[in-house]
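Peer 1: Below: one structure in structure tokens.
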Amino acid sequence: MTNKIDLDSGLLSILKTENFNKFTILELRSAYLAISRDKDLHKTEARRFVYRHILRLEKKGLLKRIYSKKTDKTTYAKTAKFNTSKFNAINQTLGEEVELNLTGTDSPSKDLLQILIDKLQGYKVELLTSIGETDEYKSLCLEYPQLKEQLQESYNFARENSQKIMGKVKALEKSIERHKQVIQAL
């Protein structure tokens, strides 16, 4: 495929995550809200935004819809075409973006702030993956009690990993807030 597909950079980073293969609209919406810079973004707006992109990707054959009568849920899975497609990451906004009062576009402070924000988004995606892994181990243990002993160590590791990543997220959020204060003081 020679044409690049335009896709919101946040959604693209989530969908490119290796462990994010089979998901519901609500799971993708939650992941998107977790990495969104707009903290006032409403869940309904985000769900509609995510759904529009999912339908477009489904039409192009990049995602396939899977309906389960057993769970009465619709999930989406990436197709082989998704992995071979080229994407053009674009920044789309749903709400008003917070504009920082920066002097000059080449300010090192602005560059550092963007690096911190990008790093934070990456950790948030990683956190969601880790939480999903923990939830799946828990679900497997409830559904198949005979696996509990075998999966306990993996569950504990995934839970500890989630906590470590959460610590990184908090540290970055505090760093970003402090850096914004420094920039505004300039």
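Peer 1: Would you mind stating whether Leu33 is at pLDDT 85 or above and assigned to a helix (DSSP H, G or I)?
Peer 2: Here the answer is no, as Leu33 does not meet what is asked.
Peer 1: A follow-up question, please. Quick one: in segment 1-26, which of the residues that are over 12 Å from the mean Cα position of the chain (by Cα) and among the polar types (S, T, N, Q) is surrounded by the fewest Cβ atoms within 10 Å (Cβ to Cβ)?
Peer 2: Of everything passing the filter in segment 1-26, Thr2 is surrounded by the fewest Cβ atoms within 10 Å (Cβ to Cβ).
Peer 1: Can you find, within segment 1-29, the residue that is farthest from Arg48 (Cα to Cα) among those that are among the polar types (S, T, N, Q) and assigned to a loop (DSSP other than H, G, I, E, B)?
Peer 2: Across segment 1-29, the extreme among qualifying residues is Thr2.
Peer 1: A follow-up question, please. Among Asp40, Asp8, which is the only one that is within 21 Å of Val125 (Cβ to Cβ), touching an Asp or Glu at 6+ places or on another chain (Cβ under 9 Å), of a type in the set (Asp, Glu) and not assigned by TED's automatic domain parsing to the domain that holds Thr129?
Peer 2: Unique residue meeting the criteria: Asp40.
Peer 1: Additional query: Given the conditions (1) more than 14 Å from Gly122 (Cα to Cα); (2) buried (at least 20 other Cβ atoms within 10 Å of the Cβ), report the number of the one that Ile35 does not fulfil.
Peer 2: So the condition that Ile35 fails would be (1).
Peer 1: Still on this structure, I have one more. What are the residue pairs meeting all of these: first residue in segment 159-186, first residue more than 19 Å from Asp38 (Cβ to Cβ) and not assigned by TED's automatic domain parsing to the domain that holds Leu113, second residue at pLDDT below 85 and not in a helix (DSSP H, G or I), Cβ atoms under 8 Å, and 6 or more apart or on different chains?
Peer 2: Within 8 Å, no pair qualifies.
Peer 1: Could you list, ordered by first residue, the pairs with Cβ atoms under 7 Å in which the first is in segment 11-28 and touching a residue at least 24 places away in the same chain (Cβ under 8 Å) and the second is assigned to a helix (DSSP H, G or I) and exposed (fewer than 15 other Cβ atoms within 10 Å of the Cβ), at least 6 apart or interchain?
Peer 2: Going by the 7 Å Cβ cut-off, the qualifying pairs are Ile25/Tyr51.
Peer 1: While we're looking at this one, here's another question. Six or more apart or on different chains, Cβ atoms under 9 Å: show the pairs whose first residue is in segment 51-75 and on the phi < 0 side of the Ramachandran plot and among the hydroxyl-bearing types (Ser, Thr, Tyr) and whose second is surrounded by 14 or more Cβ atoms within 10 Å (Cβ to Cβ) and in a strand (DSSP E or B).
Peer 2: Final answer for the pair search is Tyr67/Thr75; Ser68/Thr75; Thr75/Phe23.
Peer 1: Which residues, counting only those in segment 55-76, are surrounded by fewer than 14 Cβ atoms within 10 Å (Cβ to Cβ), over 18 Å from Asp8 (Cα atoms) and not polar (S, T, N, Q)?
Peer 2: Answer for segment 55-76, where residues must be surrounded by fewer than 14 Cβ atoms within 10 Å (Cβ to Cβ), over 18 Å from Asp8 (Cα atoms) and not polar (S, T, N, Q): Arg65, Ile66, Tyr67, Lys69, Lys70, Asp72, Lys73.
The values are calculated or read from the model by the stated rules, or taken from the named source; none is laboratory data. None of the values given here were measured: they were computed from a predicted structure. Note that we place each Cβ from the backbone using ideal geometry, even for glycine, and neighbour counts take in every protein chain shown.
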